[in-house]
Amino acid sequence: MQSFRTELENPTVEKDIIELEAKIRQFKEGKLDEEKFRSLRLARGVYGQRQEGVQMIRIKLPYGKVTSDQLRRICDVSDEYSTGRLHITTRQDIQIHYVDLERTPELWAQLEQDDITLREACGNTVRNVTASETAGIDVDEPFDVSPYAHALFQYFLRNPISQEMGRKFKVSFSASEADTGLSYMHDLGFIAKIKNGVRGFKVMLAGGLGSQPRHADVLYDFLPSDKIIPLMDGVVRVFDSYGERKSRAKARMKFLVRDVGLEGFKNLLEEVRPAVPYTSYPIDADAYPKAIVAESAVPKVNIQDKEAFEAWKSTNLVPQKQEGYVAIGIKVLLGDFYTDKARLLADLVAKYAASEFRLSLRQNILIPYVKEDLVPFFYTELEKLGFVEKGYNKALDITACPGTDTCNLGIASSTGIAEELERVIKTEYPQYIANEDVVIKISGCMNACGQHNMANIGFQGMSIRTKDKLVAPALQVLLGGGNFGNGEGRFADKVIKVPSKRGPEALRLILNDFEAHGKGAKFVDYYAEKGEHYFYDFLKPLSNIERLTQEDFIDWGNTKRYEKAIGIGECAGVVIDLIATLLFESEEKIQNAQSAFEEGKWAASIYHSYASMVNSAKALLTAENKKTNTHVGIIKSFDEVFVAPGNIDLRGSFETLALQLNKNRPTEAFAKNYLLDAKRFLEKVEAYRKLELEHA
């Protein structure tokens, strides 16, 4: 592998990319443990793919905002390093697939030229900060949440407190009480509010999806905007210290809050408050860049099919609070579009709108700041690109994760069944093309990347085994989920499991019943009235697997017989480290603490020192086969195993030494002394380990 070098304006970014290249080389040469390397590359947006030898690259796009220049850059990168396909995720990222691992550093360097990052798009980090795609133009918003989402993204990017948590951490911003950012299913969700003339947020804590969905708790009914970053700083510190690290199934924030309770969590927040570097962090929303709309003459157009144009307008135009403008929604089937059309779209929006796109949580594209006079022209131009399909954010607009197409964890096809269900709705239930009520979502496994368990009608990929031990693809049918607004929602019930090829018939039965007996009610209310058993009864015949046909053993979008094949999941990047690797990491963390101190970043230096101490303690405990599930557990166990028996003399407890950061403000003097403590502790640990090996 040839060494790669790049020149970027930001030395921090350049160092990051060069480090990735060096780690790839070490891994290829057998000098870096595979599990540790996985953790490192995940935190840099490089994700293993179902297909061997290639990677999925996740491009982090805060709150889904993309400029025309950035979209062109992403297209260039996709063409050079990938296949030309762009995939919009349910977290407003863009993913490209089939990338050679060794080319990822240069790919990242190319993206950074237009201020696009891969950093912390995957792994045990603060993931992409999402927001309502209508933020800044929403007719019901009290203010634009974009500046606040952007400030939070910047604060936590490369922040040492959120680099190696037990699991991922997800944050959302909702523009209004409609809660289109889905706050109730996030680790932290913020809903815009104004109280007594002050901008702030309703704050939701510890929601989540997955196999055990949890509705978030209300942490604050109102929190002023200058307090949201100090709050999240504290929340992340608590999660990093107390969150589970060994068992992936228990490692999310929702399980921590479930175990300690909301009041218990608030008490832990108070304990870490001295370590948080800010008590107030004002965000200058007025400094956030304003949209600049291109001044172009209105081209004359002749629309041939006026009926189709009016139908499109009825479903794909989004009202905008700025007078004289609307936003245009582009329905993107399964979130997939291609670079040839994306470039033309970027040019169109640069010349006739504000050079800005928003990617949506439903895997679509929103173009804001389109002059009302330009709508006919935009329609004709989008029609040439195949971007005028009706049903933006309507029932026809089905959300689906990649499933078994590329994901290691996929159990059944989500994209294949999604295409078939959209075909069924178009041809058999055209009235749902403009229906905003029924939301359909599909995931290829229980991890809920397609958010199936918060949909009105959801499908989750599974498998079924016959009496003859034959395995066929299946779908768990979930019903009754919904977003009620202002942080309130309901998760769907698991009603029944059916063979995948019967998924369309399940949808027909559900919609037929709703049509016949719904009497104008919303679907979620109709489901609540009838109840789970009602739907189970009329779907039950579809679950019979005694007479499966050969067709039932072929999944949607496939021609070969189904095989259940699940790879190593990388959603969490849980790592089991070798002792030598852990001690090497501790030295790296000391170096990071020293560098941060020399740059005057006291809080960052302190956390690097803390991480080094905990990591060093973990190394010795690992050698003794002791549990290292949480930071707090590591600290207590180290005292019990090494300090109390007198094996290592710290002139006090390790707990007192390590947790100084929660007792002192992050000053220069404390950062200096704490760094010295971390260095001395590592020296003691390494000396003990050396003696241990000599007498082994």
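Tell me, yes or no, whether segment 62-75 has at least one residue that is touching a Gly at 6+ places or on another chain (Cβ under 7 Å), under 21 Å from Leu344 (Cα atoms) and not acidic (Asp, Glu).
As a first pass, look at segment 62-75 and keep what is touching a Gly at 6+ places or on another chain (Cβ under 7 Å): none.
Checked against the condition, which is being touching a Gly at 6+ places or on another chain (Cβ under 7 Å), under 21 Å from Leu344 (Cα atoms) and not acidic (Asp, Glu), segment 62-75 yields no hits at all.
Where in segment 446-535 are the strands (runs of 3 or more DSSP E), entirely inside, with at least 1 residues that are among the small types (Gly, Ala, Ser) and either crowded, with 24+ Cβ neighbours inside 10 Å or without any contact (Cβ under 8 Å) to a residue 12 or more places away in the chain (or both)?
On the way: elements: 457-465, 471-479, 482-485, 488-490, 493-499.
Those strands (runs of 3 or more DSSP E) span 457-465, 471-479.
Suppose we filter segment 621-654 for residues that are open to solvent by 40 Å² or more (accessible area, probe 1.4 Å) and under 18 Å from Arg273 (Cβ atoms); how many remain?
Number of matching residues: 0.
Can you find a residue that is modelled with pLDDT of 85 or more, open to solvent by less than 30 Å² (accessible area, probe 1.4 Å) and in contact with a helix residue (DSSP H, G or I) (Cβ under 7 Å, 6 or more places away or on another chain) anywhere in segment 410-417? Step through it out loud before you land on a result.
Keep residues of segment 410-417 that are modelled with pLDDT of 85 or more, which gives 416-417.
Filter once more, keeping what is open to solvent by less than 30 Å² (accessible area, probe 1.4 Å): 416-417.
Okay, now just the ones that are also in contact with a helix residue (DSSP H, G or I) (Cβ under 7 Å, 6 or more places away or on another chain), so 417.
Within segment 410-417, one or more residues are modelled with pLDDT of 85 or more, open to solvent by less than 30 Å² (accessible area, probe 1.4 Å) and in contact with a helix residue (DSSP H, G or I) (Cβ under 7 Å, 6 or more places away or on another chain).
For Val260, indicate whether it is without any contact (Cβ under 8 Å) to a residue 24 or more places away in the chain, open to solvent by 20 Å² or more (accessible area, probe 1.4 Å), under 25 Å from Ser183 (Cβ atoms) and among the hydrophobic types (A, V, I, L, M, F, W, C).
Numbers: without any contact (Cβ under 8 Å) to a residue 24 or more places away in the chain: yes; open to solvent by 20 Å² or more (accessible area, probe 1.4 Å): yes; under 25 Å from Ser183 (Cβ atoms): yes; among the hydrophobic types (A, V, I, L, M, F, W, C): yes.
So Val260 fits the description; yes.
Identify all residues within segment 10-31 that are of a type outside the set (Lys, Arg) and either surrounded by fewer than 18 Cβ atoms within 10 Å (Cβ to Cβ) or without any contact (Cβ under 8 Å) to a residue 12 or more places away in the chain (or both); write none if there are none.
So the first thing to find is which residues in segment 10-31 are of a type outside the set (Lys, Arg), and the list is 10-14, 16-22, 24, 26-27, 29-30.
The answer is Asn10, Pro11, Thr12, Glu14, Ile18, Glu19, Ala22, Gln26, Phe27, Glu29, Gly30.
Residue by residue through segment 37-82, note down the ones that are of a type in the set (Val, Ile, Thr) and closer than 18 Å to Glu164 by Cα. Let's see the steps before the verdict.
The initial filter retains those residues of segment 37-82 that are of a type in the set (Val, Ile, Thr), namely 46, 54, 57, 59, 66-67, 74, 77.
Passing the criteria: only Val46.
Against the definition (over 21 Å from the mean Cα position of the chain (by Cα), of a type in the set (Gly, Ala, Ser), open to solvent by less than 20 Å² (accessible area, probe 1.4 Å) and more than 27 Å from Gln212 (Cβ to Cβ)), how does Gly391 come out, yes or no? Spell out the reasoning first.
Numbers: over 21 Å from the mean Cα position of the chain (by Cα): yes; of a type in the set (Gly, Ala, Ser): yes; open to solvent by less than 20 Å² (accessible area, probe 1.4 Å): yes; more than 27 Å from Gln212 (Cβ to Cβ): yes.
Against the criterion (over 21 Å from the mean Cα position of the chain (by Cα), of a type in the set (Gly, Ala, Ser), open to solvent by less than 20 Å² (accessible area, probe 1.4 Å) and more than 27 Å from Gln212 (Cβ to Cβ)), Gly391 qualifies.
Does Gln92 satisfy being surrounded by 22 or more Cβ atoms within 10 Å (Cβ to Cβ) and assigned to a loop (DSSP other than H, G, I, E, B)? Break it down into steps so the answer makes sense when it comes.
On the way: surrounded by 22 or more Cβ atoms within 10 Å (Cβ to Cβ): yes; assigned to a loop (DSSP other than H, G, I, E, B): yes.
For Gln92, the condition - surrounded by 22 or more Cβ atoms within 10 Å (Cβ to Cβ) and assigned to a loop (DSSP other than H, G, I, E, B) - is met.
Give the residues of segment 139-154 that are touching a strand residue (DSSP E or B) at 6+ places or on another chain (Cβ under 9 Å) and open to solvent by 10 Å² or more (accessible area, probe 1.4 Å), sorted by residue number. Spell out how you get there, then give the answer.
Initial filter on segment 139-154 (touching a strand residue (DSSP E or B) at 6+ places or on another chain (Cβ under 9 Å)): 139, 141-146, 148-150, 152-153.
Correct list: Val139, Glu141, Pro142, Asp144, His150, Phe153.
Identify all residues within segment 98-121 that are part of a loop (DSSP other than H, G, I, E, B) and either free of Cβ contacts under 8 Å to residues at least 12 places away in the same chain or buried (at least 22 other Cβ atoms within 10 Å of the Cβ) (or both); write none if there are none.
Listed by number, the residues that qualify are Leu118, Glu120, Ala121.
For residues in segment 59-72 being assigned to a helix (DSSP H, G or I) and among the hydroxyl-bearing types (Ser, Thr, Tyr), which is surrounded by the fewest Cβ atoms within 10 Å (Cβ to Cβ)? Let's see the steps before the verdict.
Keep residues of segment 59-72 that are assigned to a helix (DSSP H, G or I), which gives 62-64, 68-72.
Cutting the leftovers down to among the hydroxyl-bearing types (Ser, Thr, Tyr) gives us 63, 68.
Details: Tyr63: 25, Ser68: 20.
Ranking the candidates gives Ser68 first.
I'm checking my understanding of the structure. Among residues of segment 583-595 that are modelled with pLDDT of 95 or more and hydrophobic (A, V, I, L, M, F, W, C), which one is surrounded by the most Cβ atoms within 10 Å (Cβ to Cβ)?
Ala593
Please work out if Ala287 is within 16 Å of Ala353 (Cα to Cα) and either in contact (Cβ under 8 Å) with a residue 12 or more places away in the chain or not β-branched (Val, Ile, Thr) (or both). Break it down stepwise before answering.
Details: within 16 Å of Ala353 (Cα to Cα): no; either in contact (Cβ under 8 Å) with a residue 12 or more places away in the chain or not β-branched (Val, Ile, Thr) (or both): yes.
No: the conditions fail for Ala287.
Do we have Glu686 as in a helix (DSSP H, G or I), at pLDDT below 95 and not aliphatic (A, V, I, L, M) here? If you could, list the steps in order and put the result at the bottom.
Numbers: in a helix (DSSP H, G or I): yes; at pLDDT below 95: yes; not aliphatic (A, V, I, L, M): yes.
It is true that Glu686 is in a helix (DSSP H, G or I), at pLDDT below 95 and not aliphatic (A, V, I, L, M).
What residue, among those in segment 233-257 that are free of Cβ contacts under 8 Å to residues at least 40 places away in the same chain and open to solvent by 40 Å² or more (accessible area, probe 1.4 Å), is farthest from Leu188 (Cα to Cα)?
Ala249
I'd like to know if segment 421-436 contains one or more residues that are under 24 Å from the mean Cα position of the chain (by Cα), within 27 Å of Ser172 (Cβ to Cβ) and not basic (Lys, Arg). Outline the logic, then answer.
Filtering segment 421-436 down to residues under 24 Å from the mean Cα position of the chain (by Cα) leaves none.
No, there is no match, as no residue in segment 421-436 is under 24 Å from the mean Cα position of the chain (by Cα), within 27 Å of Ser172 (Cβ to Cβ) and not basic (Lys, Arg).
Regarding segment 287-306, can at least one residue be identified that is among the basic types (Lys, Arg), over 30 Å from the mean Cα position of the chain (by Cα) and part of a loop (DSSP other than H, G, I, E, B)? Full working, then the answer.
Looking only at segment 287-306, we keep the residues that are among the basic types (Lys, Arg), and these are 290, 300, 306.
Retained after the next criterion (residues that are over 30 Å from the mean Cα position of the chain (by Cα)): 300, 306.
Still in the list and also part of a loop (DSSP other than H, G, I, E, B): 300.
Within segment 287-306, one or more residues are among the basic types (Lys, Arg), over 30 Å from the mean Cα position of the chain (by Cα) and part of a loop (DSSP other than H, G, I, E, B).
Show the residue pairs meeting these rules: Cβ distance below 8 Å; 6+ apart or different chains; first residue within segment 633-648 and closer than 12 Å to Val614 by Cβ; second residue among the charged types (D, E, K, R).
Gly633/Lys627; Ile634/Lys618; Ile635/Glu655; Lys636/Glu655; Ser637/Lys626; Ser637/Lys627
Take Asp284 and decide whether it is charged (D, E, K, R) and open to solvent by less than 40 Å² (accessible area, probe 1.4 Å). It would help to see each step written out before you state the result.
Numbers: charged (D, E, K, R): yes; open to solvent by less than 40 Å² (accessible area, probe 1.4 Å): no.
No.
Consider Ser360 against the criteria (1) of a type in the set (S, T, N, Q); (2) open to solvent by 50 Å² or more (accessible area, probe 1.4 Å); (3) closer than 30 Å to Gly450 by Cβ: it satisfies all of them except one. Which criterion is unmet?
(2)
Being open to solvent by less than 70 Å² (accessible area, probe 1.4 Å) and out of contact with any Gly (no Cβ under 8 Å at 6 or more places or on another chain) is the requirement here; does Lys313 meet it?
Values: open to solvent by less than 70 Å² (accessible area, probe 1.4 Å): yes; out of contact with any Gly (no Cβ under 8 Å at 6 or more places or on another chain): yes.
The answer is yes for Lys313.
Just for strands (runs of 3 or more DSSP E) wholly inside segment 325-442: which have at least 2 residues that are out of contact with any strand residue (DSSP E or B) (no Cβ under 9 Å at 6 or more places or on another chain)? Before you say what the answer is, go through the steps one by one.
Details: elements: 325-330, 336-338, 356-359, 365-371.
Hits in segment 325-442: none.
Scan segment 194-231 residue by residue and report those that are small (Gly, Ala, Ser) and surrounded by fewer than 16 Cβ atoms within 10 Å (Cβ to Cβ).
Going residue by residue through segment 194-231, those that are small (Gly, Ala, Ser) are 197, 200, 206-208, 210-211, 216, 225.
Selection gives Gly197, Ser211.
Residue-wise test of (1) touching a helix residue (DSSP H, G or I) at 6+ places or on another chain (Cβ under 9 Å); (2) open to solvent by less than 10 Å² (accessible area, probe 1.4 Å); (3) farther than 25 Å from Asn447 by Cα; (4) not in a strand (DSSP E or B).
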{"position": "Leu40", "(1), (2), (3), (4)": "yes, no, no, yes"}
{"position": "Tyr47", "(1), (2), (3), (4)": "yes, no, no, no"}
{"position": "Glu52", "(1), (2), (3), (4)": "no, no, no, yes"}
{"position": "Ile57", "(1), (2), (3), (4)": "yes, yes, no, no"}
{"position": "Ile74", "(1), (2), (3), (4)": "yes, yes, yes, yes"}
{"position": "Ser78", "(1), (2), (3), (4)": "yes, yes, yes, yes"}
{"position": "Ile96", "(1), (2), (3), (4)": "yes, yes, no, no"}
{"position": "Gly123", "(1), (2), (3), (4)": "yes, yes, no, yes"}
{"position": "Asn128", "(1), (2), (3), (4)": "yes, yes, no, yes"}
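Within the set of pairs 6 or more residues apart or between chains, which connect a residue that is in a loop (DSSP other than H, G, I, E, B) inside segment 205-220 to a residue that is of a type in the set (S, T, N, Q) with Cβ atoms less than 7 Å apart?
Leu209/Gln451; Leu209/Asn453; Gly210/Asn447; Pro213/Asn453; Ala216/Ser183
The values are calculated or read from the model by the stated rules, or taken from the named source; none is laboratory data. Being a predicted model, the structure only gives us computed values, none of them experimental. Cβ: placed from backbone, ideal geometry, glycine included. Neighbour counts: every protein chain shown. SASA here: full protein model, heavy atoms, side chains in, ligands and nucleic acids out. Shrake-Rupley method; radii C 1.70, N 1.55, O 1.52, S 1.80 Å.
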